[in-house]
Structure formats: C-alpha cells, structure tokens
Number of protein chains: 2
Amino acid sequence: METPLTGRNPLPDVGERLGAQLRFLIEVDKLKTVLRQSPLAAASRRENDAEHSWHLAMMVTVLAEYADEPIDVGHTITLVVVHDLVEIYAGDTPLYDDEGRETQERREREAAEKLFGLLPADQARELRALWDEFEGRKTAEARFAKAMDRLQPLLLNWMARGGTWHTPGVTADTVRARKSVIGDASAPLWTAASAIIAEGERRGWVAPGS
Amino acid sequence: METPLTGRNPLPDVGERLGAQLRFLIEVDKLKTVLRQSPLAAASRRENDAEHSWHLAMMVTVLAEYADEPIDVGHTITLVVVHDLVEIYAGDTPLYDDEGRETQERREREAAEKLFGLLPADQARELRALWDEFEGRKTAEARFAKAMDRLQPLLLNWMARGGTWHTPGVTADTVRARKSVIGDASAPLWTAASAIIAEGERRGWVAPGS
C-alpha cells in the first residue's frame, strides 16, 4: 500500500478528526499527478485529473440550463469535484481502452475503500455515497455530471483536431456510442455534441463510421 | 487583446448562445497554464490555478462543518471554482508580492470584463456577481471560500518544509497577518492554521516573528 503523503512530514497535532481530514486533503494532492489521455487546448501537454475535475465544475456552472430535468447545481458540482478521486490509486482508464475497462470497477472500488478510509467514518460514507451516486447515474444530477465528463474531452479533442479520436480502432461510430450518455441528461447538448463529431468526421479527424 | 483559443479552430454552428458558452468553456482551459508560487505536495513542480481551484472545492466539501456561520456548501464550492478565472488574463499575484498587489485590483477588473464578456450577457453578469461576492467577503460563503484560499497553500508550504514562506522579507508574523482571514470564517481552522505556522517557525521553515 502506498504511503500517504503526510507520512513523509506529519502535521502537528490539530485534534484527531481535523487531523484525519487534513491528511486526506493533502493526500488528494496526488490527483494533480494522474494524467489523462486528453491534450489541453491551452498548452502542449496532457491534462491531469484535478484540472479535468475543475473544468467539469465550470461546465456545470455554465451549462446547467440545458439539463432536461431540473438539477441542483451545487450538488452536481460536488459530484464532479469528487468523481475521479479513486483514480489516485486506481489510475485513469481511458474511454477507448476496452481491456482496462474490464477491471476498472474492481480497481476503483478497492481504491475508494483505501482513499475514503483516511477520513472520519461519517465523511468516508458521505464521499463514498457521492461517488456511488455519480457512477450509478440514477439521479438527474449524476446524469448531468456524467454528460459533462463526456462532453469536456470532446471539446478538447475538437481543439486538438482529433486528439484521442485517433486511437487505433476508434471510428466516429465508436465516439458516438461512448458519448451518447450525454443525451440521457440533455437533448440540446447531445445535438451539439453530435454536430461536433459529424464535423470532425467530415474533416478526417476521426475514422469514418459505417 | 489575446485571441480566444477557438479563434484557431472555430466550432461548427451549435446556435449563438450555446456557441458563446462553449467558446468560453474552451477559453478557460487557459487557467491550467497559470502558475502559482505554491509547490505541489505530490510532485516537484508548481501548482496551477485550475488544480488549486479544484483543491479548494475539495476542502469546502470536507471542512464545511468548521464554518462559524451556516454556509450553503454547493454555493461555496461554486465561488471557489470561479474565484481565480480572472487570472487567465491578469496572471497570478503572489500573496507576498506587495508591488503586484497594488495594481492587482485594476488588472483583475479589466480581465473580468474581457473574460466574462465572452458569455451571453445574463451569464456574464452572473459570473461577475459570483466573483464580486468572493472578493467582497460580505457573505458567510465568501468568507469561508477565502479561508480555504488561504489555508490550502499553507498546507502545501508545510509539506514543502517552508515553500513560499522562504520568500525574502517574509517572517512568521507576515504569514500570520496574511492568513488571519481564516479566522473570519472559522475559529477552529484558524487555531489549526496557527499551530501549523508556529511549528513551522519552531523548525526554522519560516523566519521568526518578533
């Protein structure tokens, strides 16, 4: 098991509960080092999970009006802020990596136990519940959060003239299939996403669908 | 004036309002390239504003229980998600850079006009209002958000055995003075922050106060 970052440099005594919370908050600094496949639009490097999670929060703030069902914006933002935490120990599983996706659920469940276990028990349960809500997509907020998670890399791929759309074996049909969950949360955003994919296909930034 | 990122690669037509929103959401990718002085705990490099904003959102989620006044957690998270956007054009002004801080207000106001001006007028006003709320510190949510903004780099400085506390001219008294706004939002968090600063001073990670 990985040593928590504060193992290197323990905090002075600030009380048991707050001490656990601060150790957790320092540990999650590691999310800034989990690299995704997506290239940034603003620089020539890959995006990390912390940047990605922040970007989703911005997208919820600006695009909430397109949700097909009413959503609590603050709660939806909380979901996207925590949704990738488990990747601190489980790593990022790229959307077009079918092999990685088979073991993803187990790896992420184990990571959740370990990471949320750093928190006081009541908060460990709360954060776990937020993550389960996001993954389960049973609430309007979770569906919208997931839609942002699929729309954001699509915008970055557009700016990179293809980006991860160039993954071997991926076609415009693959992209449409993986992105279609956007339509479970928002008809207008799915229309827009489809237009962007279609134009990428027309320009040869993704292999043509059948 | 800087060209928006989408100037390089315009999106296909998705309607005027949504088009403006997506252009804004791509433009804010630049927040990931605005470097702060703070060193990461998890890697040997400086933190950027997007990572920092995400980290504050996590801190609000976990530490909200310490707010001296009741706060709306979702709204507080929204404030921290948008609080540094103006630095996309105005740059980061380090906490211990007195010269930069004199022109900071004007530079950031101009940046806000330019950046939020990419959005439809109603949303430009909304985001501007969120930023003004954060800066004004007149609501309990804004005071707590600002407290997180001061507490987070303190944790990173602790992990770096000093970090920006080693800035020439800075002493433990300077640090205490700049961090004291934490106490405007949360007595227990200010007690904890004071203990961390005092222990840093004892270890020689910051020059002694008078």
Handout entry: Convex hull volume of region A:14-202 per residue (C-alpha atoms, cubic angstrom)
Key = 120 Å³
Practice task
Could you go through region A:126-141 in sequence order and give the Karplus-derived ³J(HN,Hα) for each residue, using 6.51 cos²θ - 1.76 cosθ + 1.60 with θ = phi - 60°, rounded to whole Hz, and x for Gly and Pro?
Solution key: 4, 5, 4, 5, 5, 5, 4, 4, 4, 5, x, 6, 9, 10, 4, 5
Completion exercise
For the pair A:E199 and B:H166, the simple spin-label estimate (label points 7 Å beyond Cα toward Cβ) gives in nm 4.9 nm
Handout entry: Alpha carbon centroid spacing (whole Å) that separates region A:1-55 from region B:109-149
Key = 26 Å
Fill in the blank from the handout: chain A, Gaussian network, Cα under 10 Å: of A:D68, A:D132, A:D97, the residue fluctuating most is A:D97
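Once you average over the residues of B:56-68, how many Cβ atoms of partner chains fall within 10 Å of each Cβ?
5
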Completion exercise
Buried accessible area between B and A, both sides, 1.4 Å probe, in Å² rounded to 100, is 5400 Å²
Handout entry: Selection from A:T61, B:A145, B:L85, by position along the positive dipole direction of the protein assembly as shown (Cβ)
Key = B:L85
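Place the peptides B:87-95, A:37-45, A:81-89 in order of packing, highest mean first, counting for every residue the other Cβ atoms within 10 Å and averaging per peptide. Don't skip to the end; give the middle numbers.
Working: B:87-95: 19.9, A:37-45: 18.1, A:81-89: 23.9.
In decreasing order of mean packing, B:87-95, A:37-45, A:81-89 become A:81-89, B:87-95, A:37-45.
Carbon and sulfur together cover what percent of the accessible area of region B:14-202 at a 1.4 Å probe radius? Intermediate values should be presented prior to the final figure.
Numbers: 3290 of 6840 Å².
C and S fraction of accessible area: 48 percent.
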Exercise for the section: For A:E105, place a label point 7 Å out from Cα along the Cα→Cβ vector, do the same in each other copy, and report the separations in nm, one decimal, smallest first. Expected result: 5.7
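What accessible area per residue, rounded to a whole number of Å², is obtained for the protein assembly as shown using a probe radius of 1.4 Å? Please report the intermediate quantities before stating the final value.
Values: 16410 Å² over 420 residues.
Accessible area per residue, the protein assembly as shown: 39 Å².
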Practice task
Ignore the peptide's own chain and count Cβ atoms of other chains within 10 Å of each Cβ in B:26-36; give me the average, rounded.
Solution key: 5
Handout entry: Calculated label separations, B:S44, copies of the chain, 7 Å along the beta-carbon direction, nm
Key = 2.4
Exercise for the section: Can you list the distances in nanometres, one decimal and ascending, from the A:D184 label point to the identical position in each other copy, with the point 7 Å along Cα to Cβ? Expected result: 4.4
Handout entry: Cα pair distances of the protein assembly as shown binned at 20 Å [whole percent]
Key = 26, 58, 15, 0
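Just the C-alpha atoms of region B:155-200: what Rg/Rh do they give, with Rh taken as the Kirkwood radius? Before the final figure, lay out the partial values.
Details: Rg = 10.4 Å, Rh = 10.9 Å.
Computed over Cα atoms, the ratio is 0.96.
May I ask you to order B:165-177, A:183-195 by the average number of other C-beta atoms within 10 Å around their residues, highest value first?
Working: B:165-177: 15.8, A:183-195: 19.8.
Packing order, densest peptide first, comes out as A:183-195, B:165-177.
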Problem - Axis-nearest residue in chain B [Cβ, rotation onto A], distance in whole Å - result: B:G74, 1
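Of B:K32/B:K146; A:K138/B:K30; B:K138/B:K179; A:K179/B:K114, which pairs sit farther than 28 Å apart, going by alpha carbon to alpha carbon? List each step's numbers first, then the result.
Values: B:K32/B:K146 20 Å; A:K138/B:K30 33 Å; B:K138/B:K179 18 Å; A:K179/B:K114 32 Å.
In this structure, A:K138/B:K30; A:K179/B:K114 lie more than 28 Å apart at Cα.
The values are calculated or read from the model by the stated rules, or taken from the named source; none is laboratory data. Model, not experiment: these values are computed from the prediction. Positions of Cβ are generated from backbone atoms using ideal geometry, with glycine treated the same way; all protein chains shown enter the neighbour counts. Accessible surface areas use protein heavy atoms only, side chains included; no ligands, DNA or RNA. Shrake-Rupley method; radii C 1.70, N 1.55, O 1.52, S 1.80 Å.
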